[in-house]
Amino acid sequence: MSTSEISGFYKKTMSERLSIVQRMGNLTEEEARVIANTGPLEAEMADRMIENVVGSMPLPLGVAVNFLINDRDYLIPMAIEEPSVVAAASNAAKIARAGGGFRCETTDPVMIGQIQVVDVADPEGAKVAVLEARERILEVCNEKDPVLVKFGGGARDVEARVIDTLQGPMLIVHILVDCRDAMGANAVNTMAEAVAPLVEELSGGRVYLRIISNLAVKRLARARATFTEEAIGGKDVVEGILQAYAFAAADPYRCSTHNKGVMNGVDAVVIATGNDWRAIEAGAHSYAALGGHYKPLTAWEKDQKGNLVGTIELPMAVGLVGGATATHPTAKANVKLLGVKTASELARVIAAVGLAQNFAALRALATEGIQRGHMSLHARNIAIMAGAKVDEVDRVVERLVAQKVIRVDRAQEILKDIRGEG
Ligand code: NAD
């Protein structure tokens, strides 16, 4: 490739940018057309959402069924490239129905904005001075977002801590902001920046960072569900799931994958609704590690009747206004399909999906192993990778599954045979 230093790339039109990358990346006309196709997201809209846009990257959108959450039925849009996730969520939700579905709740949608103060002569004294000025601080913050205040949100409280760092002690001030139906990053960052001069004045120090924290411990979503012993498939399965949970709780190598399974469901709904999944991922994993030891986001227990009780608790900073939630046409349609009216309701639904997803993964692992359930879906991907056309995929999959060998080389052999080239 010639140099990737392209001056003024951002100033060019989308099609100019695409021609440049097509040439430099040796893309065919067809490949360039594929990239340029933004589907329902109008090209002009995509171009305004991020920088240096050349096209879009579609993901499959599935709808999980069977979810009963706080006595309400939901159809849940999930955007994800991984096979089995939507099927597993739907299946888990069906099993949960026998135990009454999911009970979910959320705290108020409060986010934390951090203000870092350095070079403070008397950090403990400064901390108290900041806390004394709580009302003034909240006033400055709230003046910045009258719309949020009108909707019942706004800055609610102030916290301050002195921490030891590589650069010496620092005063860290937190503003706690009720973000209502917004994810809140822009809202909180704007407030943190606005209040920084006052914090400098109060503390006598210098402010550097003014930014939201993704460790949203004040914006939690919780769900619980009972999976009856009978619906799960008996005592041994309950036992197997409890063993799997104990493994995850004791071992970070397993726990990482345990939580990845939870996030399969969580992220798919977060993406489908146009929310910031990096924020949710960062929040979930930092919350899991909060006690100094990386923990499962879910917990599994057995009740007195021998049924399995699952719970989940994680930060859930999702919104229905702001960001892509209100601009991406597919996200808007998905929110309508889901039928949620507030960001907190969306957070509750996502918590239920995370719990369902974890149940499905643990059940599969504790019984037949994950690969059997995945086999035909995995085989589909392998068949496509081997070059099978739409009308050949099913035949290749059938033979791969029957032979229990899901490999590209075998799929290629089968294809040759089907095409009479063998
Ligand atoms: P935003 O600023 O676009 O919208 C929020 C604003 O909408 C509020 O401040 C309020 O003025 C208004 N509003 C109207 N109706 C409302 C209602 N019912 N409830 C609440 N507010 C209402 O978006 P945002 O939510 O502040 O920021 C989200 C975006 O910030 C996302 O795109 C995210 O990717 C991005 N972001 C994230 C981080 C991070 O997570 N660390 C950092 C920077 C930016």
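Coordinate-derived values only; no laboratory data. This structure is a prediction, so every number in the text was calculated from the model and none was measured. In this analysis, Cβ positions are derived from the backbone assuming ideal geometry, glycine residues included, and neighbour counts consider all displayed protein chains.
Mean separation of Cα pairs under 8 Å and 6 or more residues apart, divided by the residue count, gives region 349-420 a relative contact order of 27 percent.
Relative contact order, whole percent, for region 160-236 stands at 17, derived from Cα pairs under 8 Å and 6 or more residues apart. Taken along its three principal axes, the alpha carbon spread of region 32-189 comes to 58, 50, 39 Å, from the longest extent down to the shortest. Three principal axis extents of region 1-67 based on alpha-carbon atoms, in descending order, are 53, 25, 17 Å.
What does the C-alpha gyration tensor say about the overall shape of region 287-411? Classify as rounded when a/c is under 1.5, otherwise prolate if a/b is larger than b/c, or oblate.
Details: a/c = 2.55, a/b = 1.37, b/c = 1.86.
The shape class here is oblate.
For the chain, the Kirkwood hydrodynamic radius from C-alpha pairs, put into Stokes-Einstein at 37 °C and a viscosity of 0.692 mPa s, yields a diffusion coefficient of 135 µm² per second. Listed cross-link partners K389/K416; K12/K332; K218/K260; K94/K218; K94/K336 are compared with a 20 Å cut-off, the Cα-Cα value being larger for K12/K332; K218/K260; K94/K218; K94/K336. Among the GluC sites (Glu not before Pro) in region 122-158, none is located in a DSSP loop while being surrounded by at most 10 other Cβ atoms within 10 Å of its own Cβ.
So if I take the centroid of the Cα atoms in region 327-404 and the same for region 7-32, what is the distance between those two points in Å? If you average the Cα positions of each part, the centres end up 33 Å apart. The stretch between I20 and D417 holds 138.8 nm of extra length on full extension. This uses 0.36 nm per residue minus the Cα-Cα distance. For A160, the residues whose modelled amide H falls within less than 5 Å of its own, excluding neighbours fewer than 5 places apart on the same chain, are H174.
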